[in-house]
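The next block holds one structure in the form of structure tokens; read it before the comments.
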Amino acid sequence: MTPGSAQCQFKMATHMVRFRTWNRAKSFGTAAYRRYSSGGGYPNVSLSIPLPGIPKPVFATVDGREKYETKVTTLENGLRVASQNKFGQFCTVGVLVNSGSRHEAKFPSGISHFLEKLAFSSTAQYGSKDEILLTLEKHGGICDCQTSRDTTMYAVSAEAKGLDTVVGLLADTVLQPRLTDEEIEMTRMAVRFELEDLNMRPDPEPLLTEMIHAAAYRGNTVGLPRFCPMDNVERIDRTLLHAYLRSYYTPERMVLAGVGVEHDQLVSCARKYLLGVRPVWGVGTPSSADQSVAIYTGGIIKTEKDMSDVSLGPTPIPELTHIMIGLESCSFLEDDFIPFAVLNMLMGGGGSFSAGGPGKGMFTRLYLNVLNRHHWMYNATSYHHSYEDSGLLCIHASADPRQVREMVEIITREFIQMGGTPGEMELERAKTQLKSMLMMNLESRPVIFEDVGRQVLATSKRKLPHELCDLISSVTASDIKRVTAKMLRSKPAVAALGDLTELPSYEHIQAALSSKDGRLPRMYRLFR
């Protein structure tokens with residue numbers, strides 16, 4: 001390229017820039033036009049004045065209350081239908097059953113675990129699990145089944161226009177499962193694998209939760225095993241499953257819940273598919289269901305286990321001993337449930353590796369008093385488990401096996417210190433954090449579905465989020481002190497896993513929780 005032609009191209013480019021600049025200036029006005037330092041320009045349009053010719057925007061009003069109430073209808077057979085409308089083209093619909101591991105007192109433990117694995121397999125209308133998944137796929141849907149100690153939940157998320165198909169599929173899954181020999185054998189394999197995995201995984205929290213419930217409610221209701229014991233895997237067959245389903249899968253123990261659907265449409269589908277339908281196992285009677293009430297016993301369950309090779313690899317977890325100490329709280333139907341929830345949030349805690357600001361709980365007591373002061377502690381976390389007739393507030397801690405005694409004393413002292421009057425700032429922070437967590441969780445449609453279903457199953461109605469927030473706001477320091485005093489009167493439940501050489505006796509832990517300062521009784525040894 002010659003110097004002359006290059007100069008000619010530069011002049012043409014400069015002319016084009018000026019031409020565009022003039023056109024923009026004519027559009028927006030000379031005063032509304034500025035240049036970038038690079039030579040380009042941009043319109044200086046005010047962002048605080050509405051643009052001309054644009055329709056006026058309509059903003060959603062925010063008053064802290066839900067726009068739609070939860071509607072509940074009870075059908076002639078006792079089945080409850082609950083719905084919560086929500087904007088969007090997708091919905092979450094499911095059947096919740098008042099059935100779980102706590103109801104297996106008259107049956108071998110593990111039936112609920114089997115039913116969870118067998119869900120959405122072949123039914124009277126669908127020849128296989130693949131057929132069910134292909135049917136849901138046409139509506140962009142997914143399915144899941146989860147069992148807990150007191151509830152079994154079958155759920156589907158799909159396009160709202162496929163509601164009729166979804167409810168029909170759910171009804172068939174819950175009431176007309178084939179439970180073939182092949183499916184039961186595959187479930188046995190899946191259960192065995194899950195039990196092996198449970199004992200090998202680095203995170204022992206599910207195992208400890210199982211142990212603390214067994215210690216707190218020895219041999220009854222929520223203390224019964226949630227996972228199928230290995231001895232029962234071969235015992236559970238179709239006859240036993242049908243006997244259980246006949247007792248507990250009755251309409252009055254079920255709720256059909258939906259989020260993102262019209263209530264009348266959901267009721268219509270419920271009448272079509274769930275009213276007057278005879279289950280494959282026959283008709284049961286409500287009197288055959290176990291009505292046992294949870295009896296808190298307290299106690300200790302210990303499992304000596306070599307934890308040195310739980311997590312190998314480039315960054316192995318050190319050998320740890322895990323302790324969980326719990327005390328009886330209250331049921332979720334009692335007024336004290338909210339103060340206990342605030343107390344649990346006030347204790348907080350987490351792992352020693354966590355990082356973050358106040359939103360992650362770095363100002364909770366278990367961080368400030370335990371993890372920040374005792375660098376050798378690997379974890380300290382508070383949990384609150386609540387059921388329709390009892391509850392359990394516990395602290396899980398883990399550390400090197402040589403420091404187990406000191407770790408236990410630190411936790412017992414934290415329990416005793418709960419009985420003091422909490423500071424105004426820490427109480428307000430805990431209440432704000434609890435409300436924040438509640439509202440953030442309820443932005444998710446599946447979480448709203450579970451909240452609607454569980455509340456209606458327990459009480460036949462639902463407290464809306466703003467009502468719960470008002471209850472949280474009304475909790476006072478004296479409420480925290482009162483529920484703590486009540487909790488400290490119960491016997492402790494203790495679960496211990498790992499190298500337990502230095503673990504104090506149950507009597508010493510109980511004595512520490514009955515003392516004024518939470519200290520363990522002193523031990524004097526002649527030889528070490």
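Every read-out reported here was derived from the displayed coordinates using simple, explicitly stated rules and does not represent laboratory data. Everything numeric here is computed off the predicted structure, so don't read it as measured data. Reconstructed Cβ throughout: ideal geometry from the backbone, glycine too, with neighbour counts over all protein chains shown.
Structure data summary
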item: Gyration tensor (alpha-carbon) shape descriptor, the range 116-155, a/c threshold 1.5; result: oblate
item: Shape metrics for the range 391-513, restricted to C-alpha atoms - Rg then Dmax, Å; result: 18.5, 51
item: Prolate/oblate/rounded call for the chain, Cα gyration tensor, a/c under 1.5 rounded; result: oblate
item: Unit charges on C-beta of K, R, D, E only; dipole of the chain, Debye; result: 2260 debye
item: Förster radius 22 Å - calculated FRET efficiency between S515 and R373, Cβ distance, rounded to 0.05; result: 0.60
item: Positive-end residue of A430, I300, S101, charge dipole of the chain with Cβ unit charges; result: A430
item: Segments 487-497, 459-469 sorted - mean Cβ within 10 Å per residue, highest first; result: 487-497, 459-469
item: Evaluated at q = 0.15, 0.21 Å⁻¹: base-10 log I(q)/I(0), Debye formula over Cα of the range 230-312; result: -0.85, -1.09
item: At most 14 other Cβ within 10 Å, DSSP loop - chymotrypsin sites (Phe, Trp or Tyr not before Pro), the range 430-528; result: Y524, F527
item: Nearest-0.05 FRET efficiency for E196 and R238, computed from C-beta distance (R0 35 Å); result: 0.90
item: 0 to 90° range, to nearest 10: angle between helix 404-417 axis and the chain longest Cα axis; result: 80 degrees
item: Nitroxide proxy distance, nm - points 7 Å out along Cα→Cβ at M189 and E502; result: 4.5 nm
item: Computed label-point distance, nm, for sites L47 and E262 using a 7 Å Cα→Cβ extension; result: 4.2 nm
item: Residue pairs, from the table K86/K463; K161/K272; K302/K481; K71/K117; K56/K161, whose Cα atoms sit over 21 Å apart; result: K302/K481; K71/K117; K56/K161
item: C-alpha long axis of helix 181-200 to longest principal axis of the chain, angle in °; result: 90 degrees
item: Among L392, V447, M186 - extreme Cα towards positive end, dipole of the chain, charges at beta-carbon; result: V447
item: The range 420-463: C-alpha gyration tensor shape, a/c 1.5 cut-off, then a/b vs b/c; result: oblate
item: Principal-axis tilt of helix 163-175 within the chain, Cα atoms, nearest 10 degrees; result: 20 degrees
item: For the range 167-295, size of Cβ-based charge dipole, Lys and Arg +1, Asp and Glu -1, in debye; result: 520 debye
item: Rounded Å value of the spacing that divides the Cα centres of the range 462-524 and the range 105-147; result: 39 Å
item: Calculated FRET value between V280 and E69, using beta carbons and R₀ = 30 Å, to 0.05; result: 0.25
